[in-house]
Structures are given as structure tokens and as C-alpha cells.
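K.L.:
For reference, the structure I am asking about is given below.
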Amino acid sequence: MKTLFIAISSFFLLVPSNGPKKCCLTVKLTNIQNQKGVIELSLYKDPIRFPKVGQTYRMVRIKPDGNELIYHFVNLDAAPYAVCTYHDENNNKVCDKNMIGIPTEAYAFSNNFRPKWSAPDFEDCSLMVDKDKTVSIKMVY
């Protein structure tokens, strides 16, 4: 009986999983110029929600400690994603802007996309995550 249990257990360990593959997206932020407040990293999966505040797929706020920050978004389904980030220096949970709508706090988007007159589209910033991937994004001040 013990031998039968070991044989059955071994069979299930050797059978490949048919579940969807999970991935990790590592985001490396560079050009952080001070340690005030927090950095908000937002991950978007739905193009319709990008880059709307409060409609992220995942979001994290991290206290900066140096001029670079690395964060791992883990357990992601294989899909296109886009990253939007800003340095909330005054910790008010808003990316502050001037009178004409230009951010006064540092910000960045995946693909290092730099918008000209309005927020970018999901397609401008999206990247396919179908395996573990690392992206480097430079903050704009």
C-alpha cells in the first residue's frame, strides 16, 4: 500500500501543470532626486483604465532610499501591462500639477514614454509580460 501511494504521488509530481504561467515584472526606477515622500508605482492591465487614478490593476507606495528603486510585481498572468509612476514628495496621494496641467512632481511611464500635451495611451506604454521581465524607467523632473 505504501508503495502504491508513493507511485501515485510521484506521478502527480511529474505531470506538468496545465495552469497559466505566472510571471514577474521587475521595475527599476532611476533618477530619483530626493528622499521626500513616497514613490507611487501603478501597474495597469486594462487599456480603458490607463492611466486613471484609482483604477490600477496593482499599486504600491514606497519610501525612496537612494537614487534608484527596484520593485517586483509578482504572480502576473501573461498579458500586456503598462506602468505609471510619480514621486509624491508631499505625500498627499496626488500627482500635483501646475495651472496648465503639467506635473510639478516627478513622473514616468513604462517604455520611458514622454507625453507631449496629454496623458499617454496604453499602447504607448504597454509591454508584453509573457516571461519574467525587467524594465528600467527614468523619472522625469
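Read-outs: derived from the displayed coordinates by stated rules, not from any lab. Model, not experiment: these values are computed from the prediction. Heads up, the Cβs are rebuilt from the backbone with ideal geometry, glycines too, and the neighbour counts pull from every protein chain shown.
K.L.:
Is it true that some residue in region 106-117 is under 18 Å from the mean Cα position of the chain (by Cα), among the basic types (Lys, Arg) and over 17 Å from residue 41 (Cβ atoms)?
P.N.:
yes
For every residue, the table says whether it meets (1) in contact (Cβ under 8 Å) with a residue 40 or more places away in the chain; (2) among the small types (Gly, Ala, Ser); (3) farther than 15 Å from residue 24 by Cα.
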{"residue": "52", "(1), (2), (3)": "no, no, yes"}
{"residue": "58", "(1), (2), (3)": "no, no, no"}
{"residue": "79", "(1), (2), (3)": "yes, yes, no"}
{"residue": "88", "(1), (2), (3)": "yes, no, yes"}
{"residue": "117", "(1), (2), (3)": "no, no, yes"}
{"residue": "139", "(1), (2), (3)": "yes, no, yes"}
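K.L.:
Moving on. In region 63-97, what count of residues is obtained for those that are in contact with an Asp or Glu (Cβ under 9 Å, 6 or more places away or on another chain) and of a type in the set (A, V, I, L, M)?
P.N.:
Summing the residues that are in contact with an Asp or Glu (Cβ under 9 Å, 6 or more places away or on another chain) and of a type in the set (A, V, I, L, M) in region 63-97 gives 4.
K.L.:
Still on this structure, I have one more. State which residue is surrounded by the most Cβ atoms within 10 Å (Cβ to Cβ) when the search covers only region 51-91 and only residues that are aromatic (Phe, Trp, Tyr) and assigned to a strand (DSSP E or B).
P.N.:
Of all residues in region 51-91, those aromatic (Phe, Trp, Tyr) come to 57, 71, 73, 81, 86.
Those still in the list that are assigned to a strand (DSSP E or B) too: 71, 73, 81, 86.
Values: 71: 17, 73: 19, 81: 25, 86: 23.
Per the criteria, the residue is 81.
K.L.:
Tell me, which residue of region 119-137 that is acidic (Asp, Glu) and in contact (Cβ under 8 Å) with a residue 60 or more places away in the chain is nearest to residue 95 (Cα to Cα)? Walk me through it before giving the result.
P.N.:
Taking region 119-137 as the starting set, the residues that turn out to be acidic (Asp, Glu) are 121, 123-124, 130, 132.
Pick out the ones that are also in contact (Cβ under 8 Å) with a residue 60 or more places away in the chain and you get 121, 123, 130, 132.
Details: 121: 18, 123: 22, 130: 30, 132: 29 Å.
Restricting to residues being acidic (Asp, Glu) and in contact (Cβ under 8 Å) with a residue 60 or more places away in the chain, the top hit is 121.
K.L.:
Next up: Those residues that are loosely packed, with under 15 Cβ neighbours inside 10 Å, under 15 Å from residue 109 (Cα atoms) and not charged (D, E, K, R), I need them from region 23-50; list them, please.
P.N.:
The answer is 26, 30, 31, 47.
K.L.:
Scan region 92-115 residue by residue and report those that are closer than 19 Å to residue 56 by Cβ, polar (S, T, N, Q) and assigned to a loop (DSSP other than H, G, I, E, B).
P.N.:
Hit for region 92-115 is 92, nothing else.
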